[in-house]
Every structure is written in C-alpha cells, then in structure tokens.
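The values are calculated or read from the model by the stated rules, or taken from the named source; none is laboratory data. What you are looking at is a predicted structure, and each value in this text was computed from that prediction instead of being measured. Heads up, the Cβs are rebuilt from the backbone with ideal geometry, glycines too, and the neighbour counts pull from every protein chain shown. Surface accessibility is based on the protein's heavy atoms, side chains included, excluding ligands, DNA and RNA. Shrake-Rupley method; radii C 1.70, N 1.55, O 1.52, S 1.80 Å.
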Amino acid sequence: MNHKAYTILNVVGLTIGLTCFAFIALWVRDEWSYDRFNANANRIFRVVGTVHSDSEVFEQAVTSVAMGPALKNDYPEVEHSVRFANDDAIIKKGDKQFAEEGILLTDPSFFDVFSYKLAKGDPKTALKDPNCIILTETKAQKYFPNENPIGKILTLTLYDSTGRGIPYKVTGVMPDAPKNAHFTFNFLVSFETLIAFDRRTFMSDNVWGNNSYYTYIMLTKGADYKAFETKFPQFYEKHLKPLSVKYGGKWGADYSLQPLTDIYLKSHLRYEISPTSSITNLYIFGTVGLFILLIAGINYMNLATARSVQRAREVGIKKVMGALKNQLVGQYLLEAIILAAGSLILALALCHFLQPVFYQITNKDIDLFSSPALVGFMAAVALVLGILSGLYPAVFISSYQPTTVLKGSFANSGKGVWLRKSLVVFQFTITIVLLVGILVINSQMSFIQNKDLGFNKDALLGLRVYSIDEVAARIDAFKNDILKSPYVKNMTTSNSLLVGGMGNNGTQTIDNKGKEIRSNTYRLMVDYDYMETVGIKLLAGRNFSREFPTDIRTDSTQNYILNEASVAAFGWETPDKAIGKPFNMSGRRGKVVGIVKDFHFNSLQHKVEPMAMMLRGDGFRRVILKIDMSQAQKAIAAVESEWKKHFPDVFFEYDFIDKRLGEQYAAEARFSKIFLYFSILSVLIACLGLYGLTSFATEQRTKEIGIRKVLGASIFSVTTLITKDFIKLVVIAIVIASPIAWYFMNQWLQDFSYKIDMQWWFFVIAGIVAVAIALLTVSYQAIKAALMNPVKSLKSE
C-alpha cells in the first residue's frame with residue numbers, strides 16, 4: 001500500500017504475461033492435439049506416394065482406390081484399411097435445396113480405424129450399401145428437426161461423384177466431427193456408392209491408374225511401420241508392374257506410410273484432404289509464449305528485487321527492534337506470494353472474459369478451464385515467481401547487519417545491479433526478436449497478397465456446375481444472353497477455378513535432342529475464351545481456335561498449350577522452341593501450339609509446375625464470368641436471373657475467385673495476426689518493467705540529480721545521464737537479437753516456395769523501434785527527475 005505504483009506495475013505485468021501465456025499454450029495444445037483423440041492413433045497411417053518422372057519428383061497424399069483392400073488382403077500386419085473421397089453436394093428435401101460442404105465418402109471400416117461413434121444406427125451396416133448417408137447431429141437437426149432421421153430419405157447431387165438427384169437413405173446419426181482432426185466432415189456417405197455408380201471402371205485394371213483417393217491403414221499391435229514400408233516394392237511388383245509392362249511407362253508410385261499424428265503439422269503434399277498447419281509455426285508460437293512468460297517473470301523479479309533495496313532500512317530497524325531472521329524471511333516471502341497469487345487470479349479472470357476475443361482471432365473455441373493441467377502450471381509459475389522474487393529480500397537483505405543498512409551504504413552499493421542489467425538485456429533481446437518477426441511475417445503476407453499470380457484474379461465470378469449434362473446442353477444460349485448484360489464483360493467455362501491445384505495425368509514428349517520425356521503434368525480443361533477472360537498471357541504460339549479442328553478433343557487426339565515451367569522441365573530452352581513439339585497426355589496425341597506465362601494454380605507454398613491446357617469436352621465444372629466490380633451486386637443479380645431462366649432446376653452457387661484465393665492463406669493470415677497481437681503485448685510488458693526500473697534508478701539518484709542541478713546541470717544533461725545507461729543495454733540486446741531473429745525467421749520462410757528475402761532494414765527498423773520504445777519509457781521518468789526542484793531532494797540530506 002505504501003508503494004502503489006510498483007505494486008500495480010508488478011501485478012499488471014505478471015497478469016498480462018500469464019494471460020498471454022495461457023492463450024498461447026491453449027493454441028499450441030490444440031494444434032498438437034490434432035488426430036491424437038483416436039484411441040489407436042499410433043497404429044494408424046496414411047499411404048502416400050512419391051512419383052518419379054523424367055522432369056520431376058513429387059509426393060502426393062492420394063493413391064488408387066484399390067490400394068487399401070489389396071494391402072489388407074496381402075499382409076496380415078494390416079488389421080484394417082479405409083478409403084476416403086471428399087466431395088460437396090446439393091441436398092434436397094422437399095422443395096428446398098441446400099449447398100453442403102464436407103461430404104466424406106468412406107468404408108464401413110471407418111469406425112474400426114478411427115474413434116468415431118454413432119449416436120443412432122449400427123456402425124457395421126450404416127455404410128455397407130450404396131446410397132447410404134450418416135448425418136452429424138447438427139445436420140440431422142437441420143434436415144429433420146425434433147424427429148428420428150433413421151430410414152428417412154434425402155436427395156443428393158454430389159459435385160464430383162454420382163451425378164444428379166439420387167435418393168439417399170439416412171442410416172446413422174453421429175456427434176459433430178471434432179475440429180482437431182486433419183479431416184472434418186458434416187456427412188458420411190458409403191464408399192460403395194462410388195463403386196456402384198461406375199462398377200465397370202472400378203473393377204478394371206485402369207482403377208490402379210486413378211490416384212484420386214485417400215488410403216489409411218491400421219497396423220496390428222506391435223507391428224513396426226518402418227519394417228512394413230520395406231514390403232512396398234514387393235507390393236508394386238505384384239500389382240502394378242504387370243500393368244506397367246502392359247500399358248507402357250511406370251504405373252503407380254513409390255509408396256510409404258505417414259503417421260496419422262504427423263499429417264496436420266508436418267505434411268504439405270500434393271492433394272492434401274484439407275489445409276494443414278506447420279510444426280514450425282507451433283515451435284515459433286510456443287517460443288513466443290515462453291518468451292512472454294520470461295519477460296513477465298523477469299519484470300516481476302526485477303521490480304521486486306529493486307524495490308527490496310529501498311526496504312533495506314526497514315530491515316535494519318526491525319532487526320534493531322528484535323525481529324528474527326526467520327520472521328523477516330516469512331514476511332517477505334508471504335508478501336511476494338500474495339502479489340503473485342493476486343496476479344494469477346486476475347489472469348484466470350481475464351482468460352474467462354477474453355475467451356470470445358480469442359475465438360474470434362484464432363477460430364479455436366477452447367476454454368482454459370477445460371485444461372486443469374494448464375491452470376495448475378500457471379499456478380506453479382506464479383508460486384515460483386513469488387518465491388524467487390521474495391527470496392532476495394527475504395534471505396540476503398535480512399542477513400545484513402543493521403549498522404550497515406541503516407547507514408545507507410547497502411542502498412548505494414552495486415549489489416544486484418549487474419543482475420538487473422543482464423535481465424534487461426535478455427528482455428529486450430526477446431523484444432527485438434519479436435519485432436523482427438512482426439516485420440518478416442507481415443512482409444511475407446503482404447508479398448503473398450500482392451504477388452502477380454499470372455492472371456487477373458479481380459472481378460472474376462465463379463459458378464459451380466452440379467448438373468453437368470443439363471447445364472452443358474444450354475450453356476451457349478446462357479452465354480449469349482448473359483453477355484448482353486452491361487455488367488458482364490466476358491464468360492468462359494473450365495474444370496477448375498485456379499484455386500488449390502488441379503488434377504494431373506501422365507504425359508510423353510521429346511526434348512530438343514529428341515529424347516523421350518515422361519512426366520506427370522497438371523491438366524486444365526478450358527474453352528476458346530478462357531485465356532482472354534482470365535487474363536493469361538501468351539508468350540509464344542497461338543491460342544486455341546475454331547479455325548484449327550485438330551485443337552478439338554477427340555478420343556485419341558487434341559492439341560495443347562503449356563506453361564513456362566513445362567519449357568524448363570522438358571528441356572525446350574525457350575518458349576519458341578516448344579511450339580510444334582509432340583505431346584501426349586493420357587493417350588491423346590497432339591502437339592504444343594502455344595506457351596503461356598506461368599500463372600499460379602496452386603498456393604504460393606508450392607512452386608509453379610508443368611501444366612497443360614486443352615480444350616474441354618462436353619462436360620465442365622465451372623463457369624467463370626468477368627464482371628463490372630463497380631456494379632457487383634447488379635452483376636450477380638443479372639447472372640442469377642439468367643441462370644434460373646436457362647437452368648431452372650439447377651442450384652445457383654457463386655463465389656469470387658479472389659476471395660477463394662485468400663482462403664488458401666487463412667491459416668498463415670491467422671498466424672500473422674496472432675503473432676502480431678501477442679508480440680505487441682510482450683513489448684508492452686517489457687515497457688512496464690523498464691518503466692519500473694527507470695523509476696527505481698531515478699529515485700536512487702534523486703540527491704545526485706539535485707546536487708548536479710544546483711551546480712548548473714541542464715535538464716538535457718540530466719536526462720541524458722539517466723537514459724544513456726538503459727540505451728546501452730538496448731544496443732547490446734540488438735547485437736545479440738539480430739542473428740537469432742535471422743535464423744528463426746529464415747526457418748519460417750522455408751515453408752513457402754515464393755518468399756521475400758531477409759532484408760537488412762528489418763533489423764534496423766526493429767532496432768530503431770526498440771530504442772524508441774526504451775527512450776519513451778525511460779525519458780518520462782528522466783525528465784520528471786530533471787525537472788524536480790533540487791530543494792525538495794536536498795532538504796532532508
């Protein structure tokens with residue numbers, strides 16, 4: 001109560017530090033928990049493939065639909081296998097239609113491998129037959145409020161799978177899927193639905209060449225997955241090599257197993273089932289949390305030990321009055337622990353009230369009090385800080401002789417000064433590392449948002465096509481009418497939105513020396529107006545044209561337009577030399593008629609790879625319109641009106657391509673925001689500590705400052721006298737922090753194929769900001785001391 005300012009600084013600093021640490025720990029714990037709720041998580045693996053070609057090597061998360069059953073049949077170590085295909089759908093009930101995401105097609109063994117339970121229905125039969133569907137409880141309530149949905153019918157039009165308007169029988173209801181899994185879903189559909197829809201294809205040899213599905217296996221207890229991986233070459237010889245001989249080229253890939261618990265944090269393969277996170281982000285953010293806790297702890301101990309010097313005379317007087325050492329030790333320890341406990345209580349209260357804000361920033365609906373271990377750890381930290389900060393005055397000061405401390409010689413000695421200076425250096429080292437981190441992360445996110453993607457992403461409206469046959473039959477009439485609108489500038493059709501990658505096929509061509517090149521090349525099926533609508537630039541050759549019948553897709557021929565990456569990968573040296581080269585994709589032979597400038601059809605975490613554009617057949621999945629963005633709502637209304645006029649029974653669903661592109665980096669943007677907020681709070685905590693220490697230092701030198709002013713010292717010279725010592729410490733911190741910041745931020749940038757370079761000015765700006773923060777914090781107290789009337793400071797001498 002006698003030193004309210006110091007008490008408030010101590011309590012506020014530690015409270016903010018504990019609160020920040022709690023939220024960061026919750027985020028880290030949640031990220032680390034992904035997929036670990038499965039009882040057999042350590043026995044579950046995803047089968048992944050490494051594809052080798054003449055031009056590249058890449059890893060993909062998908063395999064053949066036949067992979068899982070064959071592994072289960074061939075090897076006793078495989079206890080269960082399960083397959084996934086993910087999809088979206090239009091679901092119709094009565095006269096109402098809804099666009100739904102998160103349709104997961106899977107086998108009945110889903111419930112044997114993963115720890116999901118049914119609230120209603122039999123897990124052994126719910127996914128056994130074609131056209132069966134399991135609803136999560138939220139979706140069951142949406143479609144069948146307050147009634148039992150088992151046995152009821154929903155009509156589904158799956159986007160990628162089984163066509164239009166098929167009735168599905170509800171065979172189960174389950175709790176909503178946990179969010180801390182690398183895949184989530186709203187509905188489960190029987191995998192047998194896919195097979196029944198095209199049984200002839202699924203029973204043929206060609207099924208091994210279609211790597212579009214996710215395969216998981218659960219090994220028996222005690223099985224070594226690394227030892228099991230050595231059997232994949234034998235598996236290839238049995239199932240895939242005969243097909244390679246039969247059809248030419250290598251079918252399949254080099255397969256390996258990926259532990260279930262590694263997928264979310266450590267996997268960035270082609271065709272991930274959903275966006276993954278980064279173990280690097282986890283390490284960085286966990287380190288930030290520890291840094292903040294350290295800064296808060298250092299502040300608390302620094303201020304507590306500094307203030308203890310002021311209490312040296314109190315100790316002397318109490319000892320003269322007969323106080324025993326153990327009484328003094330108990331008093332100071334108790335005081336420090338009570339302050340730390342108060343900070344802990346305030347931190348827990350803040351965590352409760354700020355939980356909605358935490359959810360808004362992180363999209364993680366998790367509560368501190370759901371983790372008793374974390375609350376216990378925070379309590380332990382508060383207790384340890386209380387004990388450590390109380391030990392100094394309790395043990396060391398209480399051991400001094402009363403005659404020493406009553407003379408004031410203890411207060412003027414240098415004991416403890418070097419410790420406090422070292423802690424300030426350490427504190428600002430952390431602060432500068434975080435400041436560099438803010439600059440690098442924000443610069444990388446700005447680079448991503450503003451990088452030229454090679455096409456005009458703005459003002460592109462994408463429509464999904466669910467009923468392909470119906471839309472394809474009248475698409476020309478729709479196009480003619482919609483282009484009459486003043487709000488629509490152009491229109492094209494395609495199989496892709498240039499967001500999140502696309503499929504690939506085996507290709508063959510020759511390099512400049514006539515050597516055959518085999519590869520796996522991304523495919524993009526377009527129409528004649530695609531390049532103009534999307535704004536892709538032609539570097540050599542020509543666009544597709546109705547004047548060239550050989551451009552048109554047939555069963556055995558068609559021509560191709562490739563990208564710059566293909567020129568490099570296939571050894572053509574320059575775009576001009578690529579024109580006329582023979583090119584074969586999936587048995588359709590043709591030639592290269594054009595080369596376009598590279599454009600990004602995948603996220604910037606992946607480099608641009610070889611891609612072939614070809615004219616589409618009758619089917620397409622996307623309609624893309626270039627609209628007048630100044631009249632966006634009128635344009636959407638005009639498009640919807642024409643859509644309903646031409647396709648009255650087809651669901652109208654649209655999205656802006658630039659919005660979808662931004663969603664690719666949602667995780668990085670969220671990480672950037674979280675890092676920024678908590679880094680700012682850590683700087684604030686450091687400022688509180690520095691403010692307290694400056695205040696203590698000026699109090700220690702009050703009489704010195706008074707004497708200097710009486711002798712003619714100016715306000716500037718007195719201010720400089722006080723601030724220079726602290727600025728020296730910050731400069732030392734800059735020297736130490738710079739290489740540390742460079743290392744960690746350089747590691748973070750390795751997750752991106754396209755990234756900024758580490759610039760020298762990041763460190764200069766961070767250093768200037770740190771010095772400025774220190775000056776602002778210190779100068780207030782310094783100027784206040786310099787302006788003080790020397791009479792007040794000297795009259796009691």
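Data for the structure
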item: Residue list for region 483-499, filter: in contact with a Leu (Cβ under 9 Å, 6 or more places away or on another chain) and not hydrophobic (A, V, I, L, M, F, W, C); result: Lys489, Asn490, Thr492, Ser494, Asn495, Ser496
item: Test: residue in region 638-661 that is open to solvent by less than 50 Å² (accessible area, probe 1.4 Å), modelled with pLDDT under 80, in a helix (DSSP H, G or I) and within 30 Å of Ile438 (Cβ to Cβ); result: no
item: When residues of region 556-571 are limited to those that are of a type in the set (Gly, Ala, Ser) and open to solvent by 10 Å² or more (accessible area, probe 1.4 Å), the one farthest from Asn512 (Cα to Cα); result: Ser556
item: Cross-chain or 6+ apart pairs with Cβ under 7 Å, region 229-247 first and among the polar types (S, T, N, Q), then open to solvent by less than 80 Å² (accessible area, probe 1.4 Å); result: Ser244/Trp251
item: Residue that is in contact with an Asp or Glu (Cβ under 7 Å, 6 or more places away or on another chain) and touching a residue at least 12 places away in the same chain (Cβ under 8 Å), where the choices are Ala126, Ala119; result: Ala119
item: Some residue of region 139-154 being in a strand (DSSP E or B), surrounded by 15 or more Cβ atoms within 10 Å (Cβ to Cβ) and touching a Phe, Trp or Tyr at 6+ places or on another chain (Cβ under 7 Å); result: yes
item: Unmet criterion (only one of (1) surrounded by fewer than 15 Cβ atoms within 10 Å (Cβ to Cβ); (2) closer than 17 Å to Phe426 by Cα) for Lys784; result: (2)
item: Selection from region 1-39 of residues that are assigned to a loop (DSSP other than H, G, I, E, B) and at pLDDT 90 or above; result: Ser33, Tyr34, Asp35, Arg36, Phe37, Asn38, Ala39
item: Asn520 being buried (at least 18 other Cβ atoms within 10 Å of the Cβ) and either of a type in the set (S, T, N, Q) or not in a loop (DSSP other than H, G, I, E, B) (or both); result: yes
item: Yes/no for Met525 being in a helix (DSSP H, G or I), in contact with a strand residue (DSSP E or B) (Cβ under 8 Å, 6 or more places away or on another chain) and open to solvent by 10 Å² or more (accessible area, probe 1.4 Å); result: no
item: In region 454-488, residue most open to solvent (accessible area, probe 1.4 Å) [restricted to those that are among the charged types (D, E, K, R) and over 26 Å from Ile595 (Cβ atoms)]; result: Lys484
item: Criterion: touching a residue at least 12 places away in the same chain (Cβ under 8 Å), more than 22 Å from the chain's Cα centre (by Cα) and assigned to a helix (DSSP H, G or I) - qualifying residue of Asn73, Asn42; result: Asn42
item: Matching helices (runs of 4 or more DSSP H) fully within region 246-340 where at least 1 residues are at pLDDT below 75 and either among the hydroxyl-bearing types (Ser, Thr, Tyr) or within 30 Å of Phe84 (Cα to Cα) (or both); result: 279-310
item: Residues that are under 22 Å from Tyr116 (Cα atoms) and β-branched (Val, Ile, Thr), drawn from region 135-161; result: Thr136, Thr138, Ile150
item: First in region 511-533 and under 10 Å from Phe570 (Cβ atoms), second anywhere and open to solvent by less than 10 Å² (accessible area, probe 1.4 Å) and of a type in the set (A, V, I, L, M), Cβ under 6 Å, 6 or more apart; result: Thr521/Ala612
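For (1) modelled with pLDDT of 80 or more; (2) open to solvent by 60 Å² or more (accessible area, probe 1.4 Å), each residue gets a yes or a no:
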| position | (1), (2) |
| --- | --- |
| Phe678 | yes, no |
| Thr694 | no, no |
| Val718 | no, no |
| Val735 | yes, yes |
| Trp742 | yes, yes |
| Phe763 | yes, no |
| Ala766 | yes, no |
| Leu775 | yes, yes |
